[in-house]
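Single-structure report; data block below.
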Protein chains: 2
Amino acid sequence: MNQTLLSVEETSKVLKLLGDQTRLTIVGLIKDTECCVCELVEILDMSQPSISQHLRKLRDAGIVKEKRKGHWMFYALNEDHAAFDLISRILEHMPDQKEKIIALEQSGKRIVCE
Amino acid sequence: MNQTLLSVEETSKVLKLLGDQTRLTIVGLIKDTECCVCELVEILDMSQPSISQHLRKLRDAGIVKEKRKGHWMFYALNEDHAAFDLISRILEHMPDQKEKIIALEQSGKRIVCE
DNA sequence: TTCATATATAAGCATTGACTTATATAAACG
DNA sequence: CGTTTATATAAGTCAATGCTTATATATGAA
């Protein structure tokens, strides 16, 4: 991992965004598996507009990137963001969210494209 | 550094607290040099009540600890906090704040006890 | 005990933030 | 085309937040 130095201002902005349980969970979920909005709505059990608004904040900050696949908009961590390494390290201190993805797959609600 | 796993909730609470430029700077300042309130007021150029209120939030969360020395109340990072390792890693991604302490010393405003 | 200094706390206010409901947009498909 | 599905955005509401000013507390010194 390369150690990019961020300013205090940049760092606090990133931490403020991740200082919300919903957004932190989203980032943990898409860390290594991109997800579409409806999957996040399902996993987090929140309204679609609420999830979309959280994703917008993350996207406006450049923390996540989006890619359309037909009906669905998939979100992934933006590995080119200056804070990507910081974010990865933060996630290392948290339980892996991958079980939630597995549970989604097992419930047949995972969106698979192509 | 030991890798303590925190819950998503605990992590987001810590990040929310550090997601404020003033508090993040405070934590960076006292990382390896304990500081009293008036020094933080001087360095951060903010009102005393404002600094005290930020310190209270950090203390209520257990992130910092306080120690009275005569008139002065000194604050330091609480190394026993479950998120201490996480916080240390976050600070590694930021510019070191020690120059501000040095400038304070050079201006003769550093508080020295004993 | 009285005063000065350092800090904490309380109350008030303006701003931000996260949700809600309602509506707009955009793609796929009949 | 019109309809359905997925997502985005807008507007409104209410709670949380960070500051201010004013005041309380605590320590040390005269």
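The values are calculated or read from the model by the stated rules, or taken from the named source; none is laboratory data. The structure presented is a predicted model; accordingly, all values stated were derived computationally and were not measured. Glycine gets a Cβ as well: all are built from the backbone with ideal geometry, and neighbour counts include every protein chain shown. Ligands, DNA and RNA are excluded from the accessible area calculation, which covers all protein heavy atoms including side chains. Shrake-Rupley method; radii C 1.70, N 1.55, O 1.52, S 1.80 Å.
Taking a point 7 Å out from Cα toward Cβ as the label site, list the nm distances between A:D45 and the same residue in every other copy, smallest first.
Taking the point 7 Å beyond Cα along Cα→Cβ, the inter-copy spacings are 4.9 nm.
Using only the Cα atoms of chain A, what do you get for the radius of gyration and for Dmax, in Å?
Rg, Dmax (Cα atoms, Å): 14.0, 43.
Percent of alpha carbon pairs in the protein assembly as shown separated by more than 31 Å?
Numbers: 7839 of 25878 pairs.
Every Cα pair in the protein assembly as shown considered, those over 31 Å come to 30 percent.
Specify which residue in the list A:L15, A:S52, A:L40 is farthest towards the positive end of the charge dipole of chain A, using unit charges on the beta carbon of Lys, Arg (+1) and Asp, Glu (-1), about the Cα centre.
A:S52
Per residue of A:81-91, count partner chain C-beta atoms within 10 Å of its C-beta, then hand back the mean as an integer. Before the final figure, lay out each step's value.
Working: counts 0, 1, 1, 0, 2, 5, 1, 0, 5, 8, 1.
Partner-chain Cβ atoms within 10 Å, mean over residues of A:81-91: 2.
For segment B:83-114, list residues with backbone N below 12 Å from a point placed 7 Å from the Cα of B:K67 toward its Cβ?
Within reach of a label on B:K67: B:113-114.
Starting from the Cα gyration tensor of segment A:1-65, multiply each eigenvalue by 5, take the square root, and state the resulting semi-axes largest first in whole Å. Don't jump to the answer; show the numbers that get you there.
On the way: eigenvalues 106, 34, 18 Å².
Whole-Å semi-axes of the equivalent ellipsoid: 23, 13, 9.
Could you size up the charge dipole of chain A around its Cα centre, putting +1 on the beta carbon of Lys and Arg and -1 on that of Asp and Glu, and report it in debye to the nearest 20?
300 debye
For A:V64, what residues show an amide H to amide H distance below 5 Å, using hydrogens built from the backbone and excluding near sequence neighbours?
A:R59, A:N78
Take the alpha carbon atoms of segment B:1-74, find their center, do the same for segment A:44-114, and report the distance between the two centers in whole angstrom.
31 Å
If DNA, RNA and ligands are ignored and the probe is 1.4 Å, what is the ranking of B:H93, B:H71 by accessible area, most exposed first?
Numbers: B:H93 0, B:H71 160 Å².
Greatest to least solvent exposure: B:H71, B:H93.
How much of the accessible area of segment A:8-100, in percent, comes from carbon and sulfur atoms when a 1.4 Å probe is used? Walk me through the intermediate numbers first.
Numbers: 1970 of 4330 Å².
The nonpolar share, carbon plus sulfur, comes to 46 percent.
Taking only Cα atoms, what is the 0 to 90° angle, nearest 10, from helix A:8-18's long axis to the longest principal axis of chain A?
Value to nearest ten degrees: 20.
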